Each structure stands twice: as structure tokens, then as C-alpha cells.
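Take a look at the structure below.
The values are calculated or read from the model by the stated rules, or taken from the named source; none is laboratory data. Because the structure is predicted, anything quoted here is derived from the model rather than measured. No Cβ is skipped: glycine too gets one built from the backbone with ideal geometry, and neighbour counts run over all protein chains shown.
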Amino acid sequence: MTIANTFENWQQANKDFLLVALEQVSSIMKSYIDRGEKDSSRDLPNRSEARFSPKDILPETSTPPALETLCKRFNLSDFEKNLLLLCVGVELDLNFPELCAEAHGVNHQHFPTFGLALRAFPNSHWSALAPSGPLRRWKLIDLGPGKTLTNTALYIDERILHYLVGVEMTDTLLIGMTELSQKVQQLIPSHQSVADKIEALWKLSPARNLLPIIQLCGSEIEDKTDIAQAVCDRFERRVSLLYCHCIPLNPEDLGFFIRRLKRECILNCKALVLNCDDIDPADQQQRVAINQLLDQLEGFVIVTTLFPLQGIKRQMIRFDVPKPLPQEQLSTWKTSMTEFKTQLNGQGECIPDSDKLLQDLQVLTSQFQLSTSMIRRACTAAVAQLTMPSAPSLQQALWQSCRIQARPGLDELAERIESKLSWDDLVLPPLQKETLKEISAHVRQKAKVYEKWGFASKSRRGLGITALFSGPSGTGKTLAAGVLANELNLDLYRIELSAVVSKYIGETEKNLQQIFNAAESGGVILLFDEADSIFGKRSEVKDSKDRNANLEVSYLLQRMESYPGMAILTTNLQSNLDPAFMRRLRFVTQFSLPDAAHRAEIWRRIFPPDTPTEGLSVERLAQLNAPGGNIRIIALNAAFIAADAEEPVQMKHILRATQTEYEKLGKSLTSVEISGWI
């Protein structure tokens with residue numbers, strides 16, 4: 001029998017069970033009405049005869065009906081159960097409102113009351129409607145408006161009504177909470193080890209309501225969620241996911257939210273995964289709300305965070321979730337490609353042989369540090385590309401998919417620079433250009449040198465490719481980074497260090513940590529502009545400010561050295577940097593102001609092929625003592641002037657643009673520089 005058939009059988013049996021229970025309550029009510037105000041305990045069906053077993057109603061499934069499950073989990077007495085069913089009957093059976101009105105002896109009272117239940121049902125007790133009793137504590141029923149408790153209308157809570165009739169849903173008042181898919185992903189070995197430890201810890205706990213909260217710390221949100229889901233699956237618990245920003249901060253709303261959340265977990269025997277990855281460390285009110293929530297929750301609770309939560313009263317055991325190791329990433333790549341291989345062949349695509357495919361996957365693993373879920377998504381996206389006309393090769397499709405998968409976390413923190421520049425666009429002295437090509441070779445050959453040749457097995461420290469580009473503004477530092485990014489087919493992100501540095505102790509390191517954590521998965525090129533704002537000649541530590549400044553620099557260099565991608569620092573004044581810091585950088589390249597020959601070459605390449613020009617003399621233009629960055633601005637402005645005049649770009653247009661640029665810079669344009677232009 002399929003799962004769908006089993007569920008359909010349970011649905012029908014659950015409905016039959018509920019109808020039988022409602023008939024019993026109806027019978028009790030009719031008996032009460034027939035006797036009038038006589039003792040309600042007389043002539044009632046024998047309780048042992050009235051009780052029925054779920055097995056009689058559900059012969060093909062071991063799952064008990066919703067009513068029995070609810071009564072057991074909330075520990076309802078027979079009287080509380082009958083009171084609950086009376087409220088259910090008013091919603092589901094048209095005869096119940098008339099029964100209530102007749103029992104009250106008032107035609108307009110078509111609703112159940114506590115007073116009616118006390119008179120009509122056996123084994124009645126006043127505590128059934130006490131605020132601490134399960135009916136009101138868990139909001140199984142609601143009280144209507146009224147001055148007296150016994151005459152106030154009672155209503156079944158909508159979530160409870162849906163549960164009893166077998167409708168699966170989450171309480172609509174628990175905004176932001178979702179149920180995770182019951183499909184559990186296969187964990188990689190390092191994550192399987194974490195899951196095994198959590199399972200062993202929970203099994204040692206004396207009672208399920210005394211389980212310690214588990215805190216999973218790490219940068220990969222989906223990997224942490226997969227571990228939590230795998231653990232809860234072993235305890236046969238479905239999982240609800242709640243984001244911390246959905247927790248109310250108002251105390252009254254928070255108390256209501258917590259009771260609803262606890263009710264939902266009890267109702268469906270669910271585990272809760274609380275996602276605190278986006279928690280605001282400076283928001284004390286949010287921290288208090290999370291603390292109160294965790295302090296009151298019982299059962300299976302797992303918290304996911306980037307950094308360990310502090311100040312939580314409830315016992316909480318921390319587990320660090322590591323990023324997948326290179327071999328684990330490679331294994332995930334191979335498994336995912338095996339799953340898609342049939343589909344790719346079905347599309348007529350050529351899959352490389354095993355050795356070539358393994359080589360391609362090793363390159364991907366070396367460049368990108370993706371989580372297992374990101375690797376699966378990258379494979380899916382690559383397959384989609386291969387089914388399109390003019391499809392790229394498998395290696396190109398996978399590479400591009402990896403770049404896209406790694407972008408979201410960093411796009412919010414830094415500026416992504418699109419570059420289509422090539423070596424031909426870069427005019428530099430031979431030595432500097434060779435250094436840049438050597439940097440490119442280091443990035444391209446990482447997989448071979450670090451993994452195949454074994455350098456990474458010695459130590460993973462210092463494997464980051466770091467460089468310092470120094471020189472005056474406009475000499476091509478950012479341009480060179482763009483050329484490297486385009487040649488290596490990698491994303492380039494620019495970070496203004498002056499905006500990252502904070503006057504508050506420890507905040508600069510947190511800002512840098514956030515950037516590097518987001519960048520690690522993509523192996524992107526990080527371009528840190530204005531290194532002067534954080535670097536400087538190390539002076540004698542005289543106070544806490546000096547000590548903090550040195551800590552910031554050390555932290556940045558440490559993260560750059562361990563960063564799996566490439567990190568570049570730029571500065572206008574290399575002399576301001578401490579030589580001790582520069583020794584920790586793998587490459588240092590000086591970008592100087594171009595001489596006349598290099599300026600002529602820049603002018604020769606500055607205009608795109610489609611730009612109409614007339615009478616330009618690169619030798620005359622090279623007289624202008626300006627760096628490449630300013631030359632590009634002048635050429636662009638000259639093109640606009642010429643376009644507006646409906647003329648090709650001429651020397652007169654460049655002269656006008658040069659005058660505007662020099663005025664902007666506050667510089668004087670000498671006659672020698674523009675001699676012979678017009």
C-alpha cells in the first residue's frame with residue numbers, strides 16, 4: 001500500500017472516529033434535555049461501553065485518530081474531551097446549535113457554555129476552564145465576550161479544529177514558521193560526525209522535555225539545516241523552521257507567540273530549528289526575546305548561528321559545523337554528476353571521459369568552496385544551460401554556475417565590478433606585466449600545486465594568493481585587477497577599507513570577518529581599496545588605540561593568507577606601509593606614472609574600433625603628462641563632445657575635454673603639453 005493510500009485510509013477513518021465521538025456527545029446532550037434539570041449522571045451510557053478503541057476504527061494503520069492523539073498529548077480528562085467535542089460539534093454538525101439552545105432553554109443561545117457542560121457531562125470539574133488548565137493554557141478553546149465564566153460562549157480554536165478533522169497546516173498566527181521537507185539529504189562524513197554526536201547526547205537525556213538545546217555554529221546555513229533535519233529524522237520528528245526576526249519583541253505578543261509555538265510542537269511532535277544566522281548583535285531587545293523563547297521551549301530544539309550566542313540561560317551545547325573538506329566537496333561533485341550523467345547523455349551532450357571530468361572537478365574544488373547544497377544547485381543550473389541552443393561546454397557551464405551560486409552573500413557587502421578587459425587593454429612596463437601574469441598563473445595552477453603536488457598537505461596556512469598594488473591614482477591598479485578577473489573568469493569585488501574601519505574596538509575585525517566569510521565559497525578576487533586607512537608604519541604601542549590598530553592589520557593579513565581566492569590591496573603611498581606587514585604579502589607591484597612612450601600606447605588603444613576619429617596624433621597627445629585613468633576620462637568626454645557636434649573625434653575635442661579635466665583636478669595645463677594639438 002502506498003503512502004498516499006495509507007493517508008487516505010487514515011483520513012476516512014479519522015473522520016469516522018470523530019463522527020462517532022460527536023454522536024456520543026450528542027447522545028449525552030439529548031439525554032440531559034430529556035431529563036430536564038435532573039441529575040445528569042443518571043441513565044447515561046456506561047462509560048466503559050461508550051469508550052472505543054482507535055484500532056476498531058483504523059484497522060489498516062497504526063496511526064491513532066487526531067482526537068485521541070490530542071487528548072493524550074495535552075492530557076485532557078474525559079470531561080475536558082467532551083467539552084472540546086461540544087465546541088467541535090457546533091462547527092461541524094447543524095444539529096448541535098439547536099441542541100445547545102434547547103439545553104439552555106433559551107432560543108438564541110445556540111452556543112456551548114461552561115455552565116451547560118458542568119450540568120450535562122459526567123465527571124465535571126471546575127478546573128477544566130481554569131487559566132492553567134490545558135483547554136485555556138494551550139488555547140484549545142476560546143472564550144467569547146461575557147460577564148460570567150459559566151455563561152460565556154465557548155469556541156473551538158481554528159487551528160485545533162483543522163487538526164481534528166485531519167487537515168495538515170501550521171498555525172497561521174506563527175508568522176514566518178515553515179515546515180521543512182521530510183526528505184533528508186545524505187550528509188558528508190564531517191557533518192555525519194556532528195549528527196552522530198548530537199544523537200548520542202540527546203539519547204543520554206533522562207526525559208524528552210529535559211533535552212539540552214543544540215547550537216550549530218558555522219557559515220553554511222543549509223549545511224546546518226541538513227544536519228538538524230538528519231538528527232530529528234532519527235528521532236522520528238518532523239521539523240519546523242523559525243527565523244529569529246519573526247519573534248515578536250513586545251512582551252505581551254511574545255508570550256502569546258511562545259504559547260502558540262509550544263502548542264504547535266506538542267500537537268505534531270515537532271522539533272524546532274531556530275535560525276539565528278541574521279541576528280543583530282547590537283539589538284538587545286531581540287536577544288532578550290530569543291532568551292525568553294529558548295528558556296520556555298521544551299523538547300527537540302536546535303539553534304543555527306554564525307557566531308555562538310551568549311547570555312542564554314537554558315543549557316545549550318555548541319557544535320561547530322565545518323565547511324566541507326576538499327575531498328568531501330570532490331565526492332559531492334562526483335556524486336551529483338553521476339546523478340545527472342544519464343540526463344546529459346539523453347540531451348546528446350558529450351561528457352568528458354572519467355580522467356578529464358575528474359580533472360575539471362578538481363579545478364572547481366580548488367577554486368570554489370561550496371556547501372553540499374550549493375554544489376547540487378550548481379549541477380542543476382549547469383544541466384539547464386546544456387539543454388539550451390549554443391550550449392557551453394560542461395566545464396564552462398559548471399564554472400559559471402559556481403560563480404553565480406557564490407554571489408548572493410557578498411553582493412550585499414561589496415561592489416561587484418564587471419570586467420571585459422584583456423591583457424591588450426593593459427599598458428605597463430614589461431616587469432609589472434610579467435608579475436601580473438605570474439599572479440594569474442598562481443591562481444590557475446592552485447589545484448595542481450596545492451592538492452596534486454601536495455603543498456596543501458603540509459599546511460593550509462599561507463596558501464592565500466595575496467598582492468599589493470601601489471602607485472599614484474589613475475595608474476591602472478583597479479584596471480589590472482579587472483584584467484586578472486576577466487582572464488581567470490572570476491568575480492571581482494571592491495571593498496573600500498575606509499568604510500570598513502570602525503572606531504569601536506573589535507568592530508573592524510567583525511566587518512572584515514563578514515566579508516571574508518561571504519567570499520570564501522566563491523573564491524572571488526577581493527580588491528581592498530585605500531589600504532592606507534588601516535595599514536601604516538608600525539609604531540611603538542603607547543595606548544589601546546595603537547594596540548587595536550595593529551590587531552586590525554594582523555587580522556586582515558591573517559584572513560588574506562588563509563583566503564582560498566585572491567586578495568589584493570591597493571595604496572597610493574607604499575612608503576606609508578610597514579615593511580614587516582609587506583613581507584607577509586606574496587606579490588608587491590609598483591604602478592608608476594606612464595612615460596611618454598606608454599602614454600602614446602594608451603592613446604593608441606583608448607578609442608574603441610567603432611569610434612570615428614580624424615586627424616589624431618598619438619605622439620602629440622602623449623605630451624600630456626597624465627596617468628592612464630585621467631586619459632580614459634578625457635577620451636570619453638571628448639567622444640561626447642564630438643558626438644554632440646555630429647563630428648568624428650578630433651584633436652580640438654580632446655583639447656576641450658582636457659581643459660575640463662584639468663580644471664576639475666585644479667591643475668594648470670601647460671603650453672608644452674598641448675603644443676601642436678591644433
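Would a scan of the range 399-416 turn up a residue that is of a type in the set (Lys, Arg), in contact (Cβ under 8 Å) with a residue 60 or more places away in the chain, outside any helix (DSSP H, G or I) and touching a Leu at 6+ places or on another chain (Cβ under 8 Å)?
yes
Which numbered condition trips up Lys224, out of (1) in contact (Cβ under 8 Å) with a residue 40 or more places away in the chain; (2) assigned to a loop (DSSP other than H, G, I, E, B); (3) not aliphatic (A, V, I, L, M)?
(2)
If you go through the range 625-646 one residue at a time, how many are assigned to a loop (DSSP other than H, G, I, E, B) and free of Cβ contacts under 8 Å to residues at least 12 places away in the same chain?
2
What single numbered condition from (1) assigned by TED's automatic domain parsing to the domain that holds Ser390; (2) farther than 19 Å from Thr365 by Cα; (3) modelled with pLDDT of 75 or more fails to hold for Gln347?
So Gln347 meets the others, but not (3).
Just one of the numbered conditions (1) at pLDDT 90 or above; (2) out of contact with any Leu (no Cβ under 7 Å at 6 or more places or on another chain); (3) part of a loop (DSSP other than H, G, I, E, B); (4) of a type outside the set (A, V, I, L, M, F, W, C) is not true of His108; which one?
(1)
Would you point out the residue of the range 255-286, among those that are of a type in the set (A, V, I, L, M) and assigned to a loop (DSSP other than H, G, I, E, B), that is surrounded by the fewest Cβ atoms within 10 Å (Cβ to Cβ)?
Ala282
For the subset of the range 227-254 comprising residues that are of a type in the set (A, V, I, L, M) and in a loop (DSSP other than H, G, I, E, B), which member is surrounded by the fewest Cβ atoms within 10 Å (Cβ to Cβ)?
Leu249
Can you find, within the range 455-470, the residue that is surrounded by the fewest Cβ atoms within 10 Å (Cβ to Cβ) among those that are touching a helix residue (DSSP H, G or I) at 6+ places or on another chain (Cβ under 8 Å) and modelled with pLDDT under 85?
Arg461
Just need a number here: residues in the range 122-151 that are surrounded by 15 or more Cβ atoms within 10 Å (Cβ to Cβ), of a type in the set (Lys, Arg) and part of a loop (DSSP other than H, G, I, E, B).
1
If Phe17 satisfies every condition in (1) modelled with pLDDT under 90; (2) surrounded by 17 or more Cβ atoms within 10 Å (Cβ to Cβ); (3) under 44 Å from the mean Cα position of the chain (by Cα) but one, which is the exception?
The number of the failed condition is (1).
Let me spell it out: the conditions are (1) modelled with pLDDT of 75 or more; (2) assigned to a loop (DSSP other than H, G, I, E, B), and Gly536 meets all of them except one. Which number is the exception?
(1)
Among (1) assigned to a helix (DSSP H, G or I); (2) in contact with a Ser or Thr (Cβ under 8 Å, 6 or more places away or on another chain); (3) within 30 Å of Leu431 (Cα to Cα); (4) of a type outside the set (Ser, Thr, Tyr), where does Leu593 come up short?
Answer for Leu593: the failing condition is (1).
Give, as residue ranges, the strands (runs of 3 or more DSSP E) completely inside the range 152-220 that count at least 2 residues that are surrounded by 17 or more Cβ atoms within 10 Å (Cβ to Cβ) and of a type in the set (A, V, I, L, M).
Hits in the range 152-220: 154-156, 213-217.
Per-residue answers, yes or no, for (1) in contact with a Gly (Cβ under 8 Å, 6 or more places away or on another chain); (2) aromatic (Phe, Trp, Tyr); (3) under 26 Å from Leu118 (Cβ atoms):
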position	(1), (2), (3)
Gly133	no, no, yes
Trp138	no, yes, yes
Glu158	no, no, yes
Met169	no, no, no
Leu174	no, no, no
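Looking at the structure I just gave you, is Ala580 exposed (fewer than 14 other Cβ atoms within 10 Å of the Cβ), in contact (Cβ under 8 Å) with a residue 40 or more places away in the chain and farther than 16 Å from Thr660 by Cα?
yes
Suppose the filter is closer than 30 Å to Ser562 by Cβ and surrounded by fewer than 16 Cβ atoms within 10 Å (Cβ to Cβ); does Ala643 pass it?
Criteria not met by Ala643.
Considering only residues that are aliphatic (A, V, I, L, M), more than 19 Å from the chain's Cα centre (by Cα) and assigned to a loop (DSSP other than H, G, I, E, B), look in the range 287-342 and name the one that is surrounded by the most Cβ atoms within 10 Å (Cβ to Cβ).
Among those residues, the one meeting the criterion is Leu297.
Kindly provide the set of residues from the range 606-624 that are assigned to a helix (DSSP H, G or I) and exposed (fewer than 15 other Cβ atoms within 10 Å of the Cβ), ordered by number.
Within the range 606-624, Val618, Glu619 qualify.
Scan (1) more than 30 Å from Leu557 (Cα to Cα); (2) surrounded by fewer than 14 Cβ atoms within 10 Å (Cβ to Cβ); (3) under 48 Å from the mean Cα position of the chain (by Cα) for the single condition Ala635 breaks and write down its number.
Every listed condition holds for Ala635 apart from (2).
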